[in-house]
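K.L.:
After the structure tokens below, expect a handful of questions from me.
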């Protein structure tokens, strides 16, 4: 049409600079547990870019089975699923979350999955969230987990939270977005 300009929006827009502000209410509603409580584990770490610089405004969602390896129940006193936790990173890219340690769960093909959390990573600059997993180093069921066994040996360590001291329930796990130590991310 004469005098009419047609503008077609690009469907790929990154999350803007107010990402954390827009999701803070979701963080505040997420269930919290007391560190050191029976059956819990605390996972701490940092989200880092390819240069090792902190990502100060990421949001991580942890999704896992309950201690019996079952999905779908609701956490007591909340409207959130059991095994669901949400945590933001701070100004140094650090996060810490205390979670109920999940049990061994069914893989759907008759095999079992080692205790793990599915982790979704949200942050500005991403067109879609990233998807990874975190397992617990030293768990003997890791040896038969189909996802871990399908991950190349040299990359498997990026999916393992390590105890800060042997036998500790305080675990260290960093997410590296790109580069030589990049965390394994999965297509969905």
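Residue-wise test of (1) part of a loop (DSSP other than H, G, I, E, B); (2) out of contact with any strand residue (DSSP E or B) (no Cβ under 8 Å at 6 or more places or on another chain).
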{"position": "138", "(1), (2)": "yes, no"}
{"position": "147", "(1), (2)": "no, no"}
{"position": "158", "(1), (2)": "no, no"}
{"position": "162", "(1), (2)": "no, no"}
{"position": "165", "(1), (2)": "yes, yes"}
{"position": "168", "(1), (2)": "yes, yes"}
{"position": "171", "(1), (2)": "no, no"}
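K.L.:
Now a separate question. Please go through the stretch 149-161 and give me each residue that is within 16 Å of the chain's Cα centre (by Cα) and either over 18 Å from residue 114 (Cα atoms) or surrounded by 16 or more Cβ atoms within 10 Å (Cβ to Cβ) (or both), ordered by number.
P.N.:
In the first step, residues of the stretch 149-161 are kept if they are within 16 Å of the chain's Cα centre (by Cα); the result is 156-161.
Across the stretch 149-161, the qualifying residues are 156, 158, 159, 160, 161.
K.L.:
Going by the structure shown, is residue 120 under 16 Å from the mean Cα position of the chain (by Cα), surrounded by fewer than 18 Cβ atoms within 10 Å (Cβ to Cβ), at pLDDT below 95 and in a loop (DSSP other than H, G, I, E, B)?
P.N.:
Values: under 16 Å from the mean Cα position of the chain (by Cα): yes; surrounded by fewer than 18 Cβ atoms within 10 Å (Cβ to Cβ): yes; at pLDDT below 95: yes; in a loop (DSSP other than H, G, I, E, B): no.
When the stated conditions are applied, residue 120 does not pass them.
K.L.:
Those residues that are surrounded by 15 or more Cβ atoms within 10 Å (Cβ to Cβ) and modelled with pLDDT of 85 or more, I need them from the stretch 68-84; list them, please.
P.N.:
Correct list: 69 only.
The values are calculated or read from the model by the stated rules, or taken from the named source; none is laboratory data. These numbers were taken from a predicted model, which means no experiment stands behind them. All Cβ positions, even for glycine, are placed from backbone atoms using ideal geometry, and neighbour counts span all protein chains on display.
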